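What follows is a short report on a single structure.
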Amino acid sequence: MKALILVGGFGTRLRPLTLSVPKPLVDFANKPMILHQIEALKAAGVDEVVLAINYQPEVMMNFLVDFEKKLGMKITCSQETEPMGTAGPLALARDKLDDGSGEAFFVLNSDVISEYPLKEMIDFHRNHGGEATIMVTKVDEPSKYGVVVMDEKTGTVQRFVEKPQQFVGNKINAGIYLLSPKTLNRIELRPTSIEKEIFPKIAAEKQLFAMVLPGFWMDIGQPRDYNTGLRLYLDSLKQKMPKLLASGPSYIGNVIVDESAQIGEGCLIGPDVSIGQGCVIEAGVRLSRCTIMRGVRVKKHACISGSIIGWHSTIGQWARIENMTVLGEDVHVRDEIFSNGGVVLPHKEIKTSILKPEIVM
Amino acid sequence: MKALILVGGFGTRLRPLTLSVPKPLVDFANKPMILHQIEALKSAGVDEVVLAINYQPEVMMNFLVEFEQKLGIKITCSRETEPMGTAGPLALARDKLDDGSGEAFFVLNSDVISEYPLKQMIEFHHNHGGEATIMVTKVDEPSKYGVVVMDETTGAVQRFVEKPQQFVGNKINAGIYLLSPKTLDRIELRPTSIEKEIFPKIAAEQELFAMVLPGFWMDIGQPRDYNTGLRLYLQSLKQHAPARLASGSSIIGNVLVDESAHIGDGCLIGPDVSIGQGCVIESGVRLSRCTIMRGVRVKKHACVAGSIIGWHSTIGQWARIENMTVLGEDVHVRDEVFSNGGVVLPHKEIKSSILKPEIVM
C-alpha cells in the first residue's frame, strides 16, 4: 500500500528550528516529525511512502535512507520544481501512487500530529465504497478554518465552507486522506488546491466521505501549536503506553525522557516536557511545558517553561527562560540570563537578558 | 608565495545574507567577498591560498574549485574543529604556510576590503628586514579600536593599546599581515589571539613594523559598514579603473552594473550602487546607496535607498525600501509596500509595510 506525505517548502513558521534542518526532520517528542507519520503508515500496512518536497531534497534523502533500513519500508522523494499546492504533488507522483491494482493510497500533511487511526480509516473507506475519505476533527473555533459540512449519519460530505461567518459545523479538514487512484485522473499537473478544486467535485458526486478523528489532532507548524501538540501527544501516550513516560519524585504529569539523557538531583520536571537524546539536566533544574532537543545541557538551578530549546544549546546556571522562547541550534545562554519570549537564531551567545519577545539574529 | 585568509565562523552579523551562503561568498560589488582578496593576493605573486574556516567547508570548497581553475591559483581549506582565534589557525596550517624556503606569507582577515597594496607591503617588509609587518590604517575614532603605537619614521611598532581612553595614536590594525615563517614557532596549537599574545612579543623584540595603508579600508562584516564600504570601493574604482563604472544619463555618481543586467527607461541610479548579474531594473526606478544582488528584479517606479537586496528577490511596483533594509535570498516585496529598515529572512513574501526596523522571520 502506498502513501504520499505533503512536505512542501521552507518551514518558515518554525524558524529558527528550520534554519538547521528541513521541517519534517525537526524533532517532536524526541523523534523527527515525519517519523511519527511514517511509523503510523507502516503500522497500517503501507510499504511505500513518497515525500512531496520542494526544498533541500539532499538533506531529506540522507536521513530517509537511515529510516528506510530501520523500518524496512521504501521511502522516495518527489521533487516539485515549483510549489504545486496541495493536489499538484499527487499528479506529479502518480506513477508511484497508482500501481494499477486499484488499491487506495493515503495522503498526509506533514505538519500534523494525531492519533492516526489509519486501520479504522481503511475499514471506513471500504464500507462506504466511495472514491475518497477525508479525516475531519472537531474544533472549538471553526470560524478560523475550512469547515467540512457532512451528513452526521452516513459521513457523506456535502460541502466545504472556508472560514464561515455563521456556524455551519465544527468539523475541519484534518489533512489526512485515503483516496482511490481514480482521484488522480481529476488532478492536472499544475499548482492545484485539493480542498478548493478537487474535493468539492468529488463531494458533488456524493463520492466523498468524512470520518471523525477520535483522539487528538494538532497542526504543529508553529512554536505555540508545537507546544500544545506536545501536551496532547503526551496525554495520549499516558493512556496508551504509560511506560514510555518518566516516573519518580522528580516528575510531575507527563514527561518523556530519552534513555541516554542524564537528570541531576533535586530537579522538578513537568508537566508536558520532552528531553532528547544525550541531554544533561544538572541539579536543581525546573522544567515545565517545554521541549529540550538532543544534546542540550541545562545548568544548575535554571528554570525553563513554555519554551523550545534547540539542539546542542546550553542554558546557564540560574537562567530563566519562559513565554515561548525558542532557541535555535547551538545557542548558549549565559548564567543568570532571563529570556521572555526571545527567538534566537542558531550559533548565538546570549549575554544579556531579553526582556520582551523579540528575534535575536 | 603563500597566504592564509582567516575566514572564521558563522557570519551572524551579516545575517540574513549568511543564512544562504557562508560569509566569504556573500557578494560585494558584484563579486564574492573573498574573491576580492584572492585576486589581490594573486597579483602580488601568491600562488597558494589557505582558508582557515570552521563552518560549511563543503559549500566553500565547491566554489573554490571554480576559482582555482579560473585564477590558476591553489586554494585549500584548513578546518578548525574549535574556534582557534586569530593566531591558532596559523599553527593549524603551518605545514602549508612554511615550505622551508623562509619566504614570508600573508595573513588576511576575510571581512576586510581595501586597496590591498600588497606588492608595496612586500618591499617594505624586505627593507626593514624584521620578522613581521602589519598594515595599519588611519581612523577618526581610534578609541573604538585597538590602536597601534608606532615610531612614525621607522615604522617600528612600540605597543598596542586596546580602546584607549586618551589619545595615543590614530592608527589601527587593518587585519593584513606579512609574516616570516619564524613567527609560526611562537604560536601554540590552541585558541590564540594574534593581537594580544603574539604581536606584543614580536614588538618587544623590535621585530614588528607597521605600514600605513594608503587608500580605503573597511570591515564590511555588518550591513551598515558593508554599505559604507561599497561607497569607498566605488570611489577607488573611479580613480583606478573608471571605465568599469556605468555612465549615461540614468547614472549619478559611482555605479557598478554587471553587463548582463537590464536597466529600463527613465531610471535614476546612484550614487554608490552595485547591480549584479542577471538583474532586471524596470523603468522609472530610483536606486541610491544600495546593493542589488544577482537575479533581483526591481519593478517599475520603485525606490530603493541605503539598503541591501538579496539574491533573486523582487521589489514590487512603487515599493519604497530604505534605511538599512536588508532582504535575504528570494524575498518578494509586494507592490506599493514600504520598508523602513526591515531585515527579512530568506524565502519570505512581504505583503504589508514594515514601518520601523524589525526582523521578519
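Where a number appears in this text, it was derived from the coordinates with a stated rule and is not lab data. Note that the structure is predicted; figures quoted are calculated from it, not measured. Here Cβ is always computed from backbone atoms with ideal geometry, including for glycine, and neighbour counts include all displayed protein chains.
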- Please sort by residue number the chymotrypsin sites (Phe, Trp or Tyr not before Pro) in segment A:161-224 whose DSSP state is loop and whose Cβ has at most 12 other Cβ atoms within 10 Å. A:F167
- Item | Inter-label distance, nm, simple model (7 Å from Cα along the C-beta direction), B:N127/A:K206 | 9.9 nm
- Note on the structure: If R0 = 56 Å, then A:S193 and A:K300, at their Cβ-Cβ distance, give a FRET efficiency to the nearest 0.05 of 0.60
- Message: If R₀ is 45 angstrom, what is the calculated FRET efficiency for the pair A:V149 and B:Q317, using the beta carbon separation as r and rounding to 0.05?
- Response: 0.65
- Share of antiparallel DSSP beta bridges in chain A, in percent to the nearest 5? 25 percent
- Semi-axes of the equivalent ellipsoid of chain B: what are they in whole Å, largest first, if each equals the square root of 5 times a C-alpha gyration tensor eigenvalue? 39, 21, 19
- Query: So for the pair B:L245, B:E82, with labels modelled 7 Å out along Cα→Cβ, what separation do we get in nm?
  - Reply: 4.9 nm
- Task: Taking every pair of Cα atoms in segment A:236-293, average 1/r, invert it to obtain the Kirkwood radius, and report Rg/Rh to two decimals.
- Result: 0.93
- Message: If amide hydrogens are placed 1.01 Å from N in the peptide plane, which non-local residues have theirs closer than 5 Å to the one on A:E358?
- Response: A:G342, A:V343
- Percent breakdown of C-alpha pair distances by 10 Å bin, ordered from the shortest bin, for segment B:1-95: 16, 50, 31, 2
- Message: Under 10 °C and 1.306 mPa s, how fast does segment A:160-316 diffuse according to Stokes-Einstein, given a Kirkwood radius computed over C-alpha pairs? Answer in µm²/s, whole number.
- Response: 85 µm²/s
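Calculate, for A:A283 and A:L237, the FRET efficiency according to 1/(1 + (r/R0)^6) with r their C-beta to C-beta distance and R0 25 Å; round to the nearest 0.05.
Computed FRET efficiency for A:A283 and A:L237 comes out at 0.40.
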- Just the Kirkwood number for segment B:63-150, please: inverse of mean 1/r across all distinct Cα pairs, in Å, one decimal. 16.1 Å
- Message: Take B:A156 and A:K351, extend 7 Å from each Cα along the Cα→Cβ direction, and tell me the distance between the two endpoints in nm.
- Response: 3.6 nm
- Task: Grab the other residues whose beta carbon is less than 15 angstrom from that of A:V280, score K and R as +1, D and E as -1, and report the net.
- Result: 0
- Note on the structure: In Å³ per residue, the alpha-carbon convex hull of the protein assembly as shown encloses 188 Å³
- Note on the structure: Binned at 5 Å starting from 0, the alpha-carbon pair-distance distribution of segment A:239-336 in whole percents comes out as 4, 15, 26, 31, 15, 6, 2, 1
- Message: Below 8 Å between Cα atoms, with a sequence gap of 6+, how large is the relative contact order for segment A:177-286 in percent?
- Response: 15 percent
- For segment A:139-209, taking Cα atoms only, what is the radius of gyration to one decimal and the Dmax to the nearest whole Å? 12.6, 36
- Calculate how steeply helix B:118-128 sits against the longest principal axis of the alpha-carbon atoms of chain B, using the helix alpha-carbon long axis, and give the answer as 0 to 90 degrees to the nearest 10. 20 degrees
- Message: Given a 10 angstrom Cα cut-off, can you work out which residue in B:S249, B:S260, B:S114 is the most mobile in a GNM of chain B?
- Response: B:S249
